[in-house]
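Single-structure report; data block below.
The values are calculated or read from the model by the stated rules, or taken from the named source; none is laboratory data. These figures come from a predicted structure and were not determined experimentally. Positions of Cβ are backbone-derived with ideal geometry, glycine not excepted, and every protein chain shown enters the neighbour counts.
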There are 4 protein chains.
Amino acid sequence: MFFASDNGGPVHPQIMTRLAQGNEGHAMPYGKDAIMDEVRAAIRTAFEAPEAAVYLVATGTAANALALACYTQPWQTIFCATTSHINQDECNAPEFYAGAAKLTVIDTDDRMTPDALRRAIEQQADGNVHGAQRGPVSITQVTERGTVHSLDELHALSAVAKDYGLPLHLDGARFANAMVALGCTPAEMTWKAGVDVVSFGGTKNGCMGVEAVVFFDPAKAWEFELRRKRGAHLFSKHRFLSAQMAGYMQDDLYVTMAQQANENAAYLADGLRKAGATFLHSPDANMIFASWPRGVHQKMKDAGAQYYIWNGTLEGEDSEEHIGARLVCDWSIGKDAIDQFLSHF
Amino acid sequence: MFFASDNGGPVHPQIMTRLAQGNEGHAMPYGKDAIMDEVRAAIRTAFEAPEAAVYLVATGTAANALALACYTQPWQTIFCATTSHINQDECNAPEFYAGAAKLTVIDTDDRMTPDALRRAIEQQADGNVHGAQRGPVSITQVTERGTVHSLDELHALSAVAKDYGLPLHLDGARFANAMVALGCTPAEMTWKAGVDVVSFGGTKNGCMGVEAVVFFDPAKAWEFELRRKRGAHLFSKHRFLSAQMAGYMQDDLYVTMAQQANENAAYLADGLRKAGATFLHSPDANMIFASWPRGVHQKMKDAGAQYYIWNGTLEGEDSEEHIGARLVCDWSIGKDAIDQFLSHF
Amino acid sequence: MFFASDNGGPVHPQIMTRLAQGNEGHAMPYGKDAIMDEVRAAIRTAFEAPEAAVYLVATGTAANALALACYTQPWQTIFCATTSHINQDECNAPEFYAGAAKLTVIDTDDRMTPDALRRAIEQQADGNVHGAQRGPVSITQVTERGTVHSLDELHALSAVAKDYGLPLHLDGARFANAMVALGCTPAEMTWKAGVDVVSFGGTKNGCMGVEAVVFFDPAKAWEFELRRKRGAHLFSKHRFLSAQMAGYMQDDLYVTMAQQANENAAYLADGLRKAGATFLHSPDANMIFASWPRGVHQKMKDAGAQYYIWNGTLEGEDSEEHIGARLVCDWSIGKDAIDQFLSHF
Amino acid sequence: MFFASDNGGPVHPQIMTRLAQGNEGHAMPYGKDAIMDEVRAAIRTAFEAPEAAVYLVATGTAANALALACYTQPWQTIFCATTSHINQDECNAPEFYAGAAKLTVIDTDDRMTPDALRRAIEQQADGNVHGAQRGPVSITQVTERGTVHSLDELHALSAVAKDYGLPLHLDGARFANAMVALGCTPAEMTWKAGVDVVSFGGTKNGCMGVEAVVFFDPAKAWEFELRRKRGAHLFSKHRFLSAQMAGYMQDDLYVTMAQQANENAAYLADGLRKAGATFLHSPDANMIFASWPRGVHQKMKDAGAQYYIWNGTLEGEDSEEHIGARLVCDWSIGKDAIDQFLSHF
């Protein structure tokens, strides 16, 4: 009954196998391994982007911070939702990598509205040196509250960014989960919607520790390589990043695992709904924010269930009588564990 | 015949096994995994340092840059050899992580002499704001030219640092290789010699991608944790770093592999010596810098041997007739491959 | 009719005289000049702080950014009002000087409420590495909207900061104007209210370009000196900063000029009120935010009046029929100019 | 008998007069003052560079660090002489402003030789991410040891920089002194010799605290403005920087003062030569490095002479019997003071 995060589960066997295969013999280091050629081709194909520049790093924060740094000057500000990972969960890594740039947070919701984004951009300096200058827009998909932007919503946000000539970054730590939720292609959720660079997550979706950064315009490629090395994120034994990503793309495993994770979450949400839980956010993909009585919570903890209590004072319910909870499903959660969990209501 | 680097070889089976075992079930993320407890204990035992703070990162550059940043103010300078990895091979990562600090390079050799170190420290500002202030001393062991500081040399350098109250960092990307070469214990090569923090390398010695940073005084522990997260080097699925390091420490595998690597290099060096090669540096551990006729080089390349030509113009021989070469052995190089290589002379 | 800013007016003759006197003969550079001894003593006396560390820089942004950097770790966040100068008018200088730290803006008003401050602090990470850590609180007095915190308000904000052990910075670009408005002493508005470090402004109040940074605890003195030099803000001919500040403190000129400025603004505000203008913020010191018909605005511009139209869409009135305006008075604005201005209503 | 530095003397009366004139009435802040228009025109005329972008800051370190930052990526290294001000006297300001870039010091002399520069560039990474990438070349003219590069020497260094496509910065803190020593025009010593950006010093040559940064290609103009503001170096009462520079350029006062300073130094050097002093460097402009008996030194100190003892152990003579001294003349040193000084030999 592990619902604490999708970073607590096991690596998929197909990926473990690729790691074992990748371990045979010698390979050139620092991204010159042959497996990386396969990865590059697979991702370009999946994204229908034959010119894309594709790089691997081991953490989602590295992917976000390095991708954004390529599009942010130190005197600029990055527009993002208050709840975004880059704002709340990266300990100033984006600011660090972007040379002390600022983040301007937009507090409408976990999904910024186009109007709020436009207002925030308008308020920011343009053509005078006093305030931070306008920098990129960063959208998180799946959001940190488990909701998914529709393609229309992405297009609307993208349109605002384009109105001001601002680059668009997509934090896709749960990219595949969102894609499955929308029933769309990688291209539809990225460059066809105006995204310039995407953090394409693997770690939370069954990999060991690998994320791809995909630039649809390869102009930033060399800068990214230098920033990655300077950030100490270039692996010498890079083939083991490549092997993970190769296994992840092979036979669309990334889609399969996201489907399983989303189905698990839907099954869990359905059970919670029937059990009378209140939902704090719409459980669009593989994360659920819900609330239930403190007594139920105690029973679940006693039974060994693992999940985070959410800061109900701020966003959910955390009263004398109720707690707010975050539950995340990855591909590996079995229906048995969910049934067992639900039985404690 | 792969001698290009010790980062090109396979991961040792014992470590692969630990990775597979570590993959079972769920684990708490971000370093809260149970395997990390085992790692911490194993390293404290190996270093005879029950209070040491122990952390894992995935790259040697991250280990160095983060460790040094904890001991460097942005207005200070780090004293190191010109040939050091932090100066020549990290694309300004140490400067980046230390908030734009400086490196003062000491050019006596790949092993700084105590006198040269003292001179460099004396030349640096003390008590006036004009120049960079004195910061930590960083020693590389094994050096980037394959030589090993004797314990006496380490003590002498350390004594200079202590004379000025400066912290001492050891870049031990090839820590075990040096230890084996000296026949000493981890403690003798570190805190007993005055080292405050060590980058204890695993990647080049049969791991997949893991380095430990060991602080003998745990006062910097929390700062390190924040710097690691901010640098995007905190793994969510941290158990896979832990599993590697656990396998590496288990039954002193790190010593066994270093012994194999050093023996391989000694066997190769012996053969090269007999074949008439000239040594550019003393092959003390698992790296060899040697020179031979261009014709021999061509034969070896034709036969598929992989090694780097060294910049002979600067440091070795790279004339019309001779080339300078760097050859590195890891644990996995077989004697057959070495014999085959030597047969081309 | 120059109401654009209090940085557009002339330097007071008493300060010009001190500059001329300071120009005689030779003086040791970099803050070792004898006039600085006089300045240090004068400020310590004025602030009743015999141990205070006192430094001079030439710009208000330098004072703020350097003062804050001494109290902010790169992984922390600074709590401030959305409207604060450090957030909106310093082009990321605070982030730059604090090593890529974050600013957390509190949007209740130009004066943060203690509750809003407490809420913002509570939301920020404490004891886990994921979010930015809690850093200093920065208050602006006079605020950027021309209002003044009462001593009670300062104490209440300070109490919140102290509850969490956070340092307190006061941006006093218009320090003397606030002090005069409150009828209090420098000590009452700073260390007696829990302020740890203050940017004590001179430039906007009749100096040429000088601000003092006053640390009530001198523990940060040496760090400040290094940060100032590294920021390129240490003047070689420092005596000319000293001379300005000496003239500013002499016979409490700083108070006299602030009184004049505040009286000028009060006289102007009174006239505006009678003329029917609407006030967007309470004109507590020497700045006025008011609104009037577009036709009146046009007449004033035609007559040569200089002031900024404020972004009425966001904060004031800027409709078809009305404009929002910011008017600032310094010591030098004559009543004649004000009368002339008012005559255009 | 003040020979400690050319930053200890008085501001020239012509400049004080311009400051007083500049103080009349109101002026728009932040560089929009009318005097800046005059300055821009005067500098463009003096440099025969009608398109040049011209900016003012208050310190030489700010001029250097900001100018270099516009031409340096954080992963690059700046090539400079070991003795350069940016390396030894700016407390890591260049690294700070350039986002944690590196400095590669070239130790041939206070004037780098073209061969040594070429060697240093060749040793630096090109096209691989491991080392710092090649960045700008920075030359100091007058050097920190008082010598002056001939135009041929400048052209030869510039030719090396251009061979590698690297930008060229000139640290001209004593620009006018060098120009007078060479008998050349500003253009000949800058863009005609391949210089891309120059720090054109005023402070050490009779101003209060002002330096111009002149970009011969205005493409960096906007970036410089943002960097200046973000560095907290944009003066609100900018007219007082403008007034100084206007007075400095008026009737070529900058040339006149440099002539006086150089003549003073030549007169002093001549006397020292006759008195038997040994010269440690060629006194080409207004700085003298010389050595004399310790007994003489004591007499001079007793008589109140002010100059720095130079670190003879490293570069000059500082034996039991002799000291090394640095003496600097500005425009204001009278022949009487020099005669008095020489009388103590």
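Among the residues that make up segment B:30-38, is at least one of them more than 8 Å from every other protein chain (Cβ to nearest Cβ), modelled with pLDDT of 95 or more and more than 19 Å from residue A:209 (Cα to Cα)? Within segment B:30-38, one or more residues are more than 8 Å from every other protein chain (Cβ to nearest Cβ), modelled with pLDDT of 95 or more and more than 19 Å from residue A:209 (Cα to Cα). Number of residues in segment C:202-244 that are more than 16 Å from the chain's Cα centre (by Cα) and of a type in the set (Gly, Ala, Ser): the value is 7.
For segment C:7-15, the count of residues that are of a type in the set (Val, Ile, Thr), in contact (Cβ under 8 Å) with a residue 60 or more places away in the chain and at the interface with chain D (Cβ under 9 Å from one of its Cβ atoms) is at least one.
Kindly indicate whether residue A:197 is in contact with a His (Cβ under 7 Å, 6 or more places away or on another chain) and buried (at least 21 other Cβ atoms within 10 Å of the Cβ). Lay out the reasoning, then the answer.
Working: in contact with a His (Cβ under 7 Å, 6 or more places away or on another chain): yes; buried (at least 21 other Cβ atoms within 10 Å of the Cβ): yes.
Yes: the conditions hold for residue A:197.
Filtered by the rule that a residue be at pLDDT 95 or above and either out of contact with any helix residue (DSSP H, G or I) (no Cβ under 6 Å at 6 or more places or on another chain) or surrounded by 23 or more Cβ atoms within 10 Å (Cβ to Cβ) (or both), segment D:123-133 gives D:130, D:132, D:133.
Among the residues of segment B:224-238, those that are more than 18 Å from residue A:230 (Cα to Cα) and either within 7 Å of chain A (Cβ to nearest Cβ) or outside any helix (DSSP H, G or I) (or both) comprise B:226, B:235, B:236, B:237, B:238.
Condition check ((1) closer than 19 Å to residue D:231 by Cα; (2) in contact with a helix residue (DSSP H, G or I) (Cβ under 9 Å, 6 or more places away or on another chain); (3) among the small types (Gly, Ala, Ser)) across all residues:
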{"site": "C:26", "(1), (2), (3)": "no, no, no"}
{"site": "C:29", "(1), (2), (3)": "no, yes, no"}
{"site": "C:37", "(1), (2), (3)": "no, yes, no"}
{"site": "C:42", "(1), (2), (3)": "no, yes, yes"}
{"site": "C:53", "(1), (2), (3)": "no, yes, yes"}
{"site": "C:72", "(1), (2), (3)": "yes, yes, no"}
{"site": "C:89", "(1), (2), (3)": "yes, yes, no"}
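Of everything in segment A:126-155 that's charged (D, E, K, R) and in a loop (DSSP other than H, G, I, E, B), which residue is farthest from the other protein chains (Cβ to nearest Cβ)? Show your work before the answer.
First, pick out the residues of segment A:126-155 that are charged (D, E, K, R): A:126, A:134, A:144-145, A:152-153.
Narrowing further to those that are in a loop (DSSP other than H, G, I, E, B): A:126, A:144-145.
Numbers: A:126: 12, A:144: 11, A:145: 15 Å.
Only one residue fits best here, namely A:145.
From the list A:232, A:258, the one residue that fits, being at pLDDT 95 or above, over 13 Å from residue A:56 (Cα atoms) and touching a Gly at 6+ places or on another chain (Cβ under 9 Å), is A:258.
Yes or no, residue by residue, for (1) within 17 Å of residue D:211 (Cα to Cα); (2) within 12 Å of chain C (Cβ to nearest Cβ):
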| site | (1), (2) |
| --- | --- |
| D:41 | yes, no |
| D:60 | yes, yes |
| D:64 | yes, yes |
| D:71 | no, no |
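Only one of the numbered conditions (1) touching a strand residue (DSSP E or B) at 6+ places or on another chain (Cβ under 8 Å); (2) under 25 Å from residue B:92 (Cβ atoms) is violated by residue D:69, and that is (1).
Quick check on my filter: what residues within segment C:74-86 are touching a helix residue (DSSP H, G or I) at 6+ places or on another chain (Cβ under 8 Å) and more than 8 Å from every other protein chain (Cβ to nearest Cβ)?
Going residue by residue through segment C:74-86, those that are touching a helix residue (DSSP H, G or I) at 6+ places or on another chain (Cβ under 8 Å) are C:74-75, C:78-82, C:85-86.
Within segment C:74-86, C:78, C:79, C:80, C:81, C:82, C:85, C:86 meet the criteria.
In the set (1) hydrophobic (A, V, I, L, M, F, W, C); (2) part of a loop (DSSP other than H, G, I, E, B); (3) surrounded by 24 or more Cβ atoms within 10 Å (Cβ to Cβ), residue B:166 fails one condition alone, (3). State whether the residues of segment A:211-229 include one that is touching a Gly at 6+ places or on another chain (Cβ under 8 Å), crowded, with 19+ Cβ neighbours inside 10 Å, assigned by TED's automatic domain parsing to the domain that holds residue A:119 and free of Cβ contacts under 8 Å to residues at least 60 places away in the same chain. No, that holds for no residue. Criterion applied to A:241, A:151, A:234, A:168 was being free of Cβ contacts under 8 Å to residues at least 40 places away in the same chain and of a type in the set (A, V, I, L, M), and the one residue passing it is A:168. The residues in segment A:99-118 that are within 8 Å of chain C (Cβ to nearest Cβ) and either of a type in the set (Gly, Ala, Ser) or without any contact (Cβ under 8 Å) to a residue 24 or more places away in the chain (or both) can be counted, and the count is 3. Checking each residue in segment C:301-324 for being touching a helix residue (DSSP H, G or I) at 6+ places or on another chain (Cβ under 7 Å) and modelled with pLDDT of 90 or more picks out only C:305.
Sort out which residues of segment C:90-103 are in contact with a strand residue (DSSP E or B) (Cβ under 8 Å, 6 or more places away or on another chain) and closer than 21 Å to residue C:173 by Cα, and write them in order of number. Of everything in segment C:90-103, those that are in contact with a strand residue (DSSP E or B) (Cβ under 8 Å, 6 or more places away or on another chain) and closer than 21 Å to residue C:173 by Cα turn out to be C:91, C:92, C:94, C:95, C:98, C:103.
This table checks each residue for (1) in the same structural domain as residue B:58 (by TED's automatic domain parsing); (2) out of contact with any helix residue (DSSP H, G or I) (no Cβ under 9 Å at 6 or more places or on another chain); (3) touching a residue at least 40 places away in the same chain (Cβ under 8 Å).
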| residue | (1), (2), (3) |
| --- | --- |
| B:245 | yes, no, yes |
| B:260 | no, yes, yes |
| B:266 | no, yes, no |
| B:271 | no, no, yes |
| B:275 | no, no, yes |
| B:279 | no, no, no |
| B:285 | no, no, yes |
| B:290 | no, no, no |
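Taking first residues from segment C:178-195 that are assigned to a loop (DSSP other than H, G, I, E, B) and partners that are polar (S, T, N, Q), the Cβ contacts under 9 Å between residues at least 6 apart in sequence or on separate chains come to C:194/C:158; C:195/C:158.
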